Amino acid sequence: LHISFEAGILENPATTPPVDMFEWSKSPKDAPDAAETIELEFKDGIAVKLNGEALSPYKMLDRLNIIGGLHGVGRVDMVESRYVGMKSRGVYETPGGAILIAAHRDLEGLTLEGSVMNHKETLMPRFASLAYNGYGYHSEMYCLLALPKESKKYCNGKGKLELYKG
């Protein structure tokens, strides 16, 4: 899903990540000068087709990592609060993940009621905390997973995204 880079020179927040650190993505400055439009089709909240071609989840993510990386999509540079209380800077590459999230969230905006979207947004930080801290099999996680299972059945359709310099 992503590549993460941490520690060493990145611990200094004033340090710019070195250009040669990135493996999947070009810098947006070096991305093509022409935009590329892609079409994603979702069924029950899952991306099932890219530009009309049916793909497995693995192939979908792999292909989107390549396409998104070419266009400088999906670079994240952030400071996180670790479970033990310390701060840690991480630089991530997730071109395919960034594309899928953007497309899926737009589709949710068209297909979910506002109250459901609002409830989902309030629960996302708790879900992220449980997952990040290793509680993926905790009973609270199973309860939280019930909402996406229900809401995703309405997330069906196609969307076009334009990829351009990040």
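The values are calculated or read from the model by the stated rules, or taken from the named source; none is laboratory data. Worth saying up front: this structure is predicted, and the values here are computed from it rather than measured. Virtual Cβ from ideal backbone geometry, glycine too; neighbours counted across all protein chains shown. Heavy atoms of the whole protein, side chains included, go into the accessibility calculation; ligands, DNA and RNA do not. Shrake-Rupley method; radii C 1.70, N 1.55, O 1.52, S 1.80 Å.
Give the residues of segment 1-22 that are over 22 Å from Ala102 (Cα atoms) and not in a helix (DSSP H, G or I), sorted by residue number. Break it down into steps so the answer makes sense when it comes.
Of the residues in segment 1-22, the ones over 22 Å from Ala102 (Cα atoms) are 5-21.
Scanning segment 1-22 gives Phe5, Glu6, Ala7, Asn12, Pro13, Ala14, Thr15, Thr16, Pro17, Pro18.
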Practice task
Look through Ala103, Ala98, Ala146 and report the one residue that is open to solvent by 40 Å² or more (accessible area, probe 1.4 Å) and not acidic (Asp, Glu).
Solution key: Ala146
Completion exercise
Given (1) open to solvent by 50 Å² or more (accessible area, probe 1.4 Å); (2) touching a residue at least 12 places away in the same chain (Cβ under 8 Å); (3) over 20 Å from the mean Cα position of the chain (by Cα), Leu10 misses just (1)
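Which residue is least open to solvent (accessible area, probe 1.4 Å), if the candidates are limited to segment 121-137 and must be closer than 28 Å to Gly109 by Cβ and touching a residue at least 12 places away in the same chain (Cβ under 8 Å)?
It comes out as Leu130.
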Exercise for the section: Specify which of the listed residues (Ile67, Ile46) is among the β-branched types (Val, Ile, Thr) and out of contact with any Leu (no Cβ under 9 Å at 6 or more places or on another chain). Expected result: Ile46
